[in-house]
Amino acid sequence: MIIKKIGKLSDGFYAVGSPTTPVYLLDGPLPVIFDGGFTAFAHRYEEGIKEILGDREPAYLFLTHSHFDHIGAVSHLKTIWPKLQIGGSKKCHEILLKKSAVQLIKDLCFESTKNFKEMGVSSLNEKPFEPFDLDILIKPDQKIALSANHSLTALNTPGHTWDFVSYWIPEQKILVASEAVAVYEDDESIQSEFLVDVDAYLKSLEKLESLGATVLCPGHFAVFTNKDAIDHIRNSVKVTHDYLTMTQRFIVQEKSDINRVVSRVKAVEWDNRPWPKQPESAYILNTRQRVKTIWERMKKHGVSK
Ligand SMILES: [Zn+2]
């Protein structure tokens, strides 16, 4: 099944806030929130979590990576629940300490809130992004016990970013992969999400496919269950290879003029895609990084077929 709305996904497990960028909630004696979404949706996440937990408090908020659309509401949630322990990788922690990174996150949060406002989205939080620090540094492939019958494995899955962690709940075969898998866009196209290393991304996908997840939670728009979960990981591999082939061709045709390659990729992928979609500046930032990653790879290994 492909689930495009928020609500219950399996026993004690929920998508909360907005299907565009949900946060996920695993209920139990120590409830866990996964990711911190958009700044603009902070109130929706808060209300959604309160609807499920009532007077109980979430214990942890684990981050997959430090991109603006996955950490935007963390400070708000920490204000509501001051005992909430925020966890992420060491690399994520290092990024959150960088002034330039925080400024970029602030700018992208501002732009996305503006876009949502122009689209007429209601009950937005219009406050700016507030920086925060991590309470827990997660080690690669660390296991975290949540209760007698619940545990969590943090999987080191680089490729989208270097700070990336996916979360695996073996007892329920739930995999919170966010952008370690491709994004299934609102128009049902599939966007490969490697940014920093295409080979690491493919290797991470292989690791995730081997788990046999029955609930697969990407970063945006849709959740996949059962056969669709396996298919989506396989499709993520396919679109990554397709992207690589297309971009290599553009790089050769445009004689390594990165700006021209970026606008050709954008014309194929982004220009005609309907809203809601990634803000233009974030899309260009990511596409430039993907193109550069492929160009560097070509200089090292030549064109792969
Ligand atoms: Zn991301």
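Data overview
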{"read-out": "Residue check, residue 164 buried (at least 17 other Cβ atoms within 10 Å of the Cβ) and touching a Pro at 6+ places or on another chain (Cβ under 6 Å)", "value": "yes"}
{"read-out": "Condition broken by residue 230, with the remaining ones in (1) more than 16 Å from the ligand (Cβ to nearest atom); (2) free of Cβ contacts under 8 Å to residues at least 60 places away in the same chain; (3) surrounded by 21 or more Cβ atoms within 10 Å (Cβ to Cβ) satisfied", "value": "(3)"}
{"read-out": "In segment 170-181, the residues that are buried (at least 22 other Cβ atoms within 10 Å of the Cβ) and away from the ligand (no atom under 12 Å from the Cβ)", "value": "174, 175, 176"}
{"read-out": "Subset tally (residues that are open to solvent by 20 Å² or more (accessible area, probe 1.4 Å) and within 16 Å of the ligand (Cβ to nearest atom)) for segment 36-92", "value": "2"}
{"read-out": "Scope segment 198-219; condition of a type outside the set (S, T, N, Q), out of contact with any helix residue (DSSP H, G or I) (no Cβ under 7 Å at 6 or more places or on another chain) and either modelled with pLDDT under 90 or away from the ligand (no atom under 16 Å from the Cβ) (or both); matching residues", "value": "199, 203, 206, 207, 211, 212"}
{"read-out": "Checking residue 290 against (1) away from the ligand (no atom under 16 Å from the Cβ); (2) of a type in the set (Lys, Arg); (3) assigned to a helix (DSSP H, G or I), the condition it does not meet", "value": "(1)"}
{"read-out": "Residue within segment 126-134 that is within 16 Å of the ligand (Cβ to nearest atom), touching a residue at least 12 places away in the same chain (Cβ under 8 Å), surrounded by 14 or more Cβ atoms within 10 Å (Cβ to Cβ) and under 17 Å from the mean Cα position of the chain (by Cα) present", "value": "no"}
{"read-out": "Of residues in segment 19-64 being of a type in the set (Val, Ile, Thr) and in a helix (DSSP H, G or I), the one farthest from residue 9 (Cα to Cα)", "value": "39"}
{"read-out": "Number of positions in segment 255-275 that are at positive phi and open to solvent by less than 60 Å² (accessible area, probe 1.4 Å)", "value": "1"}
{"read-out": "Residue tally, condition under 12 Å from residue 157 (Cα atoms) and away from the ligand (no atom under 12 Å from the Cβ), over segment 182-197", "value": "1"}
{"read-out": "Given (1) away from the ligand (no atom under 16 Å from the Cβ); (2) open to solvent by 10 Å² or more (accessible area, probe 1.4 Å); (3) within 14 Å of the chain's Cα centre (by Cα), number of the condition residue 142 does not satisfy", "value": "(3)"}
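Table: residues versus (1) under 15 Å from residue 61 (Cα atoms); (2) of a type in the set (S, T, N, Q); (3) modelled with pLDDT of 95 or more; (4) in contact with a Leu (Cβ under 9 Å, 6 or more places away or on another chain).
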| position | (1), (2), (3), (4) |
| --- | --- |
| 137 | yes, no, yes, no |
| 144 | yes, no, no, yes |
| 150 | no, no, no, yes |
| 154 | yes, no, yes, no |
| 166 | yes, yes, yes, yes |
| 174 | no, no, yes, yes |
| 179 | no, no, yes, yes |
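Every residue, every condition in (1) assigned to a helix (DSSP H, G or I); (2) under 20 Å from residue 62 (Cα atoms); (3) open to solvent by 10 Å² or more (accessible area, probe 1.4 Å); (4) not aliphatic (A, V, I, L, M), yes or no:
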site	(1), (2), (3), (4)
200	yes, no, yes, no
234	yes, no, yes, yes
237	yes, no, yes, no
240	yes, no, no, yes
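The values are calculated or read from the model by the stated rules, or taken from the named source; none is laboratory data. Just so it is clear, the structure is predicted and the values come from calculations on it, not from any experiment. Heads up, the Cβs are rebuilt from the backbone with ideal geometry, glycines too, and the neighbour counts pull from every protein chain shown. Just so you know, the surface numbers come from the protein's heavy atoms only, side chains and all, with ligands and any DNA or RNA stripped out. Shrake-Rupley method; radii C 1.70, N 1.55, O 1.52, S 1.80 Å.
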